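K.L.:
Please see the structure below; I have some questions.
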Amino acid sequence: MEIKLQLNGRAVRVPDVDPDTTLYDFLRAQGCASVKCGCETSNCGLCTVFLDDVPVLSCSMLAARAAGHKVTTLEGLQAEAEEFVGFIADQGADQCGFCNPGFVMNTIALLRENPDPTDEEIKAYLSGNLCRCSGYEGQLRGIRRFLDSRNSRKEVPHA
Amino acid sequence: MPEKTTKYVGKAVRKKDSLQLLLGKPVYTSDVAPKGALVVQLLRSPHANAIVKTIDTTIARKVPGVVDIYTWQDVPNQRYTNAGQTYPEPSPYDRLILDRHLRFVGDPVAIIAAENEKAAHKAKKLIKVEYEVLDAVLDFRTAKDNPTLVHPEEDWLPLCDVGGDNHRNLVASGEEKDGDVEDVLAGCDIVLDHTYHTRAVNQAMMETFRTYTDLDRYGRLHVLSSTQIVFHCRRILSRALGIPKSRIRVEKPRIGGGFGAKQTSVSEVYPAFVTMKTGRPAMIVYTREESQIAGSPRHEMEVRVRLGADKDGRIRALDLYTLSNSGAYGEHGPTTVGLSGHKSIPLYTGSLEAFRFRYDVVYTNLQAAGAYRGYGATQGIFAVESIVNELAEKLHIDPTELRDRNMVRQGMTMPAYYNEPANACALDRCMARCREIFDWEHRYPVRDMGNGKVRAAGVAMAMQGSGISGVDVGSATIKLSEDGTYNLVIGAADMGTGCDTILAQMAADCLDCPVEDVAVFSADTDVSPYDSGSYASSTTYVTGKAVEKACTELIDHICTIGAELLGCDAAGVTFEGDCVRAADGRTASLTDIAYKAQVSNNCAAEVTATHSSPISPPPFMVGMAEIELDKLTGEVRVLEYDAVVDCGTPVNPALARVQTEGGIAQGIGMTLTENVTYNAAGKPIESSFMQYKVPTRLDVGHLHVEFESSYEPTGPFGAKSIGEIVINTPAPAIAHAIMRATGVWHRELPITPEVIAMGEPDQA
């Protein structure tokens, strides 16, 4: 089947896609190497991408379901990611990095939805993003430092 | 060596690859492997013990896109081990690429090479196999001298005498002791005798096993793999495939986590075999299920401990017997078991009069075990630290004070640790500091929260090693570039730990240059100087020292070239980081020296240095857990886990902290949620992340880590190690807290809500 969709802001048309192709396989074939697969059973969150700006697990969705929609991967969100990933790097919480794209995608979704989350809200929102290296604490510290830094910047005009 | 003032060592420098990783750049095996490789898949045994009577691939070969299918008849008949260890490996040579005798559910029966995944998958279903199903050894307690032999073959080959015997299902066995343990036990006021059981938990690194292979431009086998051990991998492939090492090149890109899993060559041989047969690029990517059922998990162990003490809490004797389950193959079996005693008994050097440590490592028809962070120490420390907590309870002595009376201290010699000295040991300070930050006094008693929930605390200590003494070899090549920057080339493998960065920090301090000026490359057998690989907590301590040596030697070379430029004697110049200064004050810039090195020069502006250590200085740690337990449901939540670690000098405190937090989280998973069970036929149940529950960020509570530094005189900048020790305290500390909450000692992991809810108070 033919699939047409908008991928990271550009129109993509792919003929001859097998109907059982997952969105994950489709996106990897389109060169979106940031999209990772850690479990195949929708348990780990590594394959998180946005479908019409909503996070979905691409390993558990058929590419056909994304036809006609807007799909965004980390390749299309570099500037937004760059705003805060340095704070994760400062904690050393990137570690092996294999879960980072899914984690970064879902953090972006969180911050778009809830720009000033509490620690509990951060943990709850990201609970579907597994990380085997960091123990999560460094990721939380990184997000917290980013929010603190952003909030203190915002406060400057009023100071 | 005196303590140096440092600019980078001891600082939280960002990992050199951090932004590449965080921004999702293509840096892993699957990202960088060229497209169009043959898809390699494995048909796996449905039986725990069976012989392939007949195998017919005729129909499977007719599937469009299938290139070839290989069975036991097609592979070399030379046995080898997948264990990434220094030659001669203690692990027996007990594998073939494909064996007619299948020894666990998941053992490969056939290798399928196809143009695409679908064709491979379809062909897999069309291979007709007739199995002769045999009785299987599924309980490791019955394995030794069982009439059913896992390895009855005559060409089973041990390279080292580790007490193994394939006709007894024994991978290894042994005994060591100091003093007369029975004699001391007989004179003790109290003797405790308990057995502790830990399971074959999986590393569950986020990137599963995967390997790409092709023939390079010289027609040699080129292997691109997610591995911690490029050099061992080359040797393993050379033996398995029967081709010379000079015809093989192994490299690793970034690795999506290892934790020891990738210290075994789990996936490399299959695509390599396909490439050698077809001449074409080939790639295998393990599914999560394959990683769970046919990977290289922790050795299941049962550790029986007899502890003898005085009424006043002086621990006088420890007697350990460890039974270790190596599964169907012997990878890391003879060595992991050693740590269950060597890294637990010496914690009590302070008071111990005698110890004995005996062990058997057995074959069973279950998934072969391998190396997992902690490597046997985790299992032994769960047993010894638990029984010490049981002793504290019996004697009504605070368990932290009990440890203060018995623990190893700086300056002691450790008889149970090859008589090595505790040159640098801040375990006492770790305990004192952890007690303080955790507020042990107030948290240790059980607190009833009045809503059916109770809060309770537990404690444990741990140690590990820093590299394998007298074995591990680390090397570093450091080269000067024309602009005065450096290239550091190593054979150690950064699997996310940040070793590329911490080694660059050391180099920058040695060479008095910005850390940004040290580019790091690893690892490639064609390019890197020899390194055993990144395992056994060796990289900081062993390879780090090689970096220090290489930099010192390079400075000599730079001075020689600089002196020539300045027209003076090399002995009279000094290295000042960005220049070399003559006695009369004249200088030659590093840039000028680097250019001079490329013109009419006979002194290399690069150096390779190698290091090995006769000792393996232990890092030490104390961990304290607070849990909340629901008495009705048995649910346990870890509220807080505090830990204080003595890793010598923390080279990069941010990375050392995250190593610790990550290790604690893995330890929490092993203790509470990660189960490994089999059905009656030996088929693993927890074959996906649906059933195998690694902790989420809601499951680990608040982790608080601090460091109490010591200075290890034989380590680079005083450093020891951090990577493995960090997984060792959660199991005993949490089991302790659960006992405080319920009155029941749980001596088997994982301690699930069901087990707690059904638990009976201990009568022992």
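The values are calculated or read from the model by the stated rules, or taken from the named source; none is laboratory data. The model shown is predicted, which means the values in this text are computed figures rather than measured ones. Using ideal geometry, Cβ is built from the backbone for each residue, glycine included, and neighbour counts are taken over all protein chains shown. Please note that ligands, DNA and RNA were not included when accessible areas were found on the heavy atoms of the full protein model with its side chains. Shrake-Rupley method; radii C 1.70, N 1.55, O 1.52, S 1.80 Å.
K.L.:
In the neighborhood of B:Asn202, defined by Cβ-to-Cβ distances under 14 Å, what is the net charge if each Lys or Arg adds +1 and each Asp or Glu adds -1?
P.N.:
That sum, taken over residues with Cβ under 14 Å, equals +1.
K.L.:
Give the distance, in whole Å, between the Cα centre of segment B:684-723 and the Cα centre of segment A:42-77.
P.N.:
31 Å
K.L.:
Sticking with this one: What is the local net charge at B:Leu185, summed over the other residues whose Cβ is closer than 13 Å to its Cβ (Lys, Arg +1; Asp, Glu -1)?
P.N.:
-4
K.L.:
Carbon-plus-sulfur fraction of the accessible area of segment A:78-151, 1.4 Å probe, in percent?
P.N.:
Details: 1080 of 2210 Å².
Ligands and nucleic acids excluded, carbon and sulfur reach 49 percent.
K.L.:
Right, next: Give me P(r) over segment B:51-102, computed from all C-alpha to C-alpha distances, binned every 10 Å, as integer percentages.
P.N.:
Bins of 10 Å from zero give 21, 37, 27, 13, 3 percent of pairs.
K.L.:
Under 8 Å for C-alpha pairs, at least 6 residues apart: give me the relative contact order for chain B, rounded to a whole percent.
P.N.:
So the answer I get is 15 percent.
K.L.:
Note down the net charge around B:Arg373, summing +1 for each Lys or Arg and -1 for each Asp or Glu among other residues with Cβ under 12 Å from its Cβ.
P.N.:
Within the 12 Å Cβ shell, the charges total +2.
K.L.:
Starting from the Cα gyration tensor of chain B, take the square roots of the eigenvalues, sort them a ≥ b ≥ c, and report rounded, prolate or oblate (rounded when a/c is under 1.5, otherwise prolate if a/b is larger than b/c, else oblate).
P.N.:
Oblate.
K.L.:
Give the accessible surface of segment A:3-75 per residue, rounded to a whole number of Å², with probe radius 1.4 Å and ligands, DNA and RNA excluded. Could the numbers behind the result be given before it?
P.N.:
Details: 3000 Å² over 73 residues.
Result: 41 Å² per residue.
K.L.:
Helix-only mean residue ellipticity at 222 nm, chain B, DSSP H runs n ≥ 4 weighted -39,500 (n - 2.57), per residue, nearest 500. What is it?
P.N.:
-7500 deg cm²/dmol
K.L.:
Please identify the chymotrypsin sites (Phe, Trp or Tyr not before Pro) of segment B:171-236 that satisfy two criteria: DSSP loop assignment and at most 11 other Cβ atoms within 10 Å. Which are they?
P.N.:
B:Tyr218
K.L.:
Calculate, for A:Arg13 and B:Met758, the FRET efficiency according to 1/(1 + (r/R0)^6) with r their C-beta to C-beta distance and R0 51 Å; round to the nearest 0.05.
P.N.:
On the way: r = 59 Å, r/R0 = 1.16.
Plugging the Cβ-Cβ distance into 1/(1 + (r/R0)^6) gives 0.30.
K.L.:
Rounded to a whole number of µm²/s, how large is the Stokes-Einstein D of segment B:624-750 at 20 °C and 1.002 mPa s, given Rh as the Kirkwood radius over C-alpha pairs? Intermediate values should be presented prior to the final figure.
P.N.:
Details: Rh = 16.1 Å.
Roughly 133 µm²/s, to the nearest whole number.
K.L.:
May I pose another question? Under a crude label model (7 Å from the Cα following the beta-carbon direction), how far is B:Thr54 from B:Asp569 in nanometres?
P.N.:
In this crude spin-label approximation the distance works out to 8.7 nm.
K.L.:
Another question, if that's okay. What is the gain in length, in nm to one decimal, between B:Asp310 and B:Lys394 on full extension, counting 0.36 nm per residue of separation less the C-alpha to C-alpha distance?
P.N.:
29.1 nm
K.L.:
What are the equivalent ellipsoid semi-axes of segment B:279-347, built from the alpha-carbon gyration tensor (square roots of five times its eigenvalues), in whole angstrom, biggest first?
P.N.:
Each semi-axis is √(5λ); the values are 40, 11, 10 Å.
K.L.:
Can you tell me the FRET efficiency between B:Gln73 and B:Lys631 if r is taken as the Cβ-Cβ distance and R0 is 51 Å, rounded to the nearest 0.05?
P.N.:
In this case the efficiency is close to 0.25.
K.L.:
In segment B:247-312, which trypsin sites (Lys or Arg not before Pro) are in a loop and have at most 11 other Cβ atoms within 10 Å, using DSSP for the loop call?
P.N.:
B:Lys311
K.L.:
For segment B:539-625, what does the relative contact order come out to in percent, with C-alpha contacts under 8 Å and a separation of six or more?
P.N.:
Numbers: 90 pairs, mean separation 28.2, N = 87.
Across segment B:539-625, relative contact order equals 32 percent.
K.L.:
I would also like to ask the following. When only DSSP loop residues count, what trypsin sites (Lys or Arg not before Pro) in segment B:65-173 have their Cβ near at most 16 other Cβ atoms within 10 Å?
P.N.:
Passing both the DSSP loop test and the Cβ count: B:Arg100.
K.L.:
If I stretch the segment between B:Asp189 and B:Thr148 completely, what's the gain in nm (0.36 nm per residue apart, minus their alpha carbon distance), one decimal?
P.N.:
Length gained, B:Asp189 through B:Thr148: 10.4 nm.
K.L.:
Output the antiparallel fraction of DSSP beta bridges having both residues in segment B:198-330, as a percent to the nearest 5. Walk me through the numbers on the way to the answer.
P.N.:
Numbers: 20 of 24 bridges.
That works out to approximately 85 percent antiparallel.
K.L.:
Now for a separate question. Over what distance in Å are the Cα centres of segment B:388-442 and segment B:3-75 separated?
P.N.:
Answer, in whole Å: 43.
K.L.:
Describe numerically, in nm with one decimal, the distance between label points set 7 Å from Cα along Cα→Cβ at B:Cys160 and at A:Glu2.
P.N.:
6.4 nm
K.L.:
Then there is this: With a ≥ b ≥ c taken as the square roots of the eigenvalues of the C-alpha gyration tensor of the protein assembly as shown, please select rounded if a/c is under 1.5 and otherwise prolate if a/b is larger than b/c or oblate if it is not?
P.N.:
Rounded shape, in that the Cα axes give a/c under 1.5.
K.L.:
List the relative contact order of segment B:653-719 as a percent without decimals, with contacts defined as Cα pairs under 8 Å and 6+ residues apart.
P.N.:
It comes to 30 percent, rounded to a whole number.
K.L.:
So if a site counts as exposed when it's one of the GluC sites (Glu not before Pro), its DSSP state isn't H, G, I, E or B, and it has at most 10 other Cβ atoms within 10 Å, what's the longest stretch of chain B without one?
P.N.:
The segment B:155-764 is the longest one with no such site.
K.L.:
With only Lys, Arg, Asp and Glu charged, each at its Cβ (+1 for the first two, -1 for the last two), find how big the charge dipole of the protein assembly as shown is about the Cα centre; round to the nearest 20 debye.
P.N.:
2080 debye
K.L.:
Here's another thing I want to ask about it. Tell me, what is the FRET efficiency for A:Ala79 and A:Glu155 to the nearest 0.05, using R0 = 30 angstrom and their Cβ-Cβ distance as r?
P.N.:
0.80
K.L.:
Let me ask something additional. Pick out, from B:Asn601, B:Ser226, B:Ser18, the residue whose Cα sits farthest towards the positive end of the charge dipole of the protein assembly as shown, with +1 on the Cβ of Lys and Arg and -1 on the Cβ of Asp and Glu.
P.N.:
It is B:Ser226.
K.L.:
Just the accessible area for B:Asp398, please: 1.4 Å probe, Å², rounded to the nearest 10?
P.N.:
Around 40 Å² of this residue is reachable by solvent.
K.L.:
Let me ask something else. At a 1.4 Å probe radius, carbon and sulfur cover how many percent of the accessible area of segment B:563-691?
P.N.:
Numbers: 2490 of 4810 Å².
Roughly 52 percent of what the probe reaches on segment B:563-691 is carbon or sulfur.
K.L.:
In whole percent, and with a 1.4 Å probe on the protein chains, what portion of the accessible area of segment A:3-75 is carbon and sulfur? Provide the component values of the computation, followed by the final result.
P.N.:
Working: 1480 of 3000 Å².
Ligands and nucleic acids excluded, carbon and sulfur give 49 percent.
K.L.:
Keeping all protein chains in the complex and leaving out DNA, RNA and ligands, what accessible area do you get for B:Thr714 with a 1.4 Å probe, in Å² to the nearest 10?
P.N.:
Its heavy atoms expose roughly 50 Å² to the probe.
K.L.:
Could I ask something else about it? What's the Cα-based Rg to Rh of segment B:468-611, Rh via Kirkwood?
P.N.:
1.01
K.L.:
Determine the shape class of segment A:1-71: with a ≥ b ≥ c the square roots of the Cα gyration tensor eigenvalues, call it rounded for a/c under 1.5, and otherwise prolate if a/b is greater than b/c, oblate otherwise.
P.N.:
prolate
K.L.:
How would A:Val56, B:Val133, A:Val104 rank on accessible area, largest to smallest, probe 1.4 Å?
P.N.:
B:Val133, A:Val56, A:Val104
K.L.:
If you don't mind, there's one more thing I want to ask. How many nm separate the modelled label positions at B:Gln691 and B:Glu748, each set 7 Å beyond the Cα in the direction of the Cβ?
P.N.:
For the pair B:Gln691/B:Glu748, the computed spacing is 1.7 nm.
K.L.:
Could you give me the ³J(HN,Hα) list for segment B:260-274, computed from phi with Karplus coefficients 6.51, -1.76, 1.60 and θ = phi - 60°, whole Hz, x at Gly and Pro?
P.N.:
Per residue, the Karplus-derived 3J(HN,Hα) values read x, 3, 9, 8, 10, 7, 6, 10, 5, 5, 5, x, 4, 5, 4 Hz.
K.L.:
Strictly over 29 Å apart at the Cα level, which of A:Lys36/B:Lys343; B:Lys53/B:Lys122; B:Lys25/B:Lys549; B:Lys16/B:Lys262; B:Lys15/B:Lys545 would you flag in this model? Working shown, then result.
P.N.:
On the way: A:Lys36/B:Lys343 37 Å; B:Lys53/B:Lys122 22 Å; B:Lys25/B:Lys549 34 Å; B:Lys16/B:Lys262 22 Å; B:Lys15/B:Lys545 20 Å.
Distance filter (> 29 Å) returns A:Lys36/B:Lys343; B:Lys25/B:Lys549.
K.L.:
Placing unit charges on C-beta atoms (Lys and Arg positive, Asp and Glu negative, everything else neutral), compute the dipole magnitude of chain B about its Cα centre in debye, rounded to 20.
P.N.:
About 2180 debye.
K.L.:
Between segment B:194-260 and segment B:288-336, what is the C-alpha centre distance in whole Å?
P.N.:
25 Å
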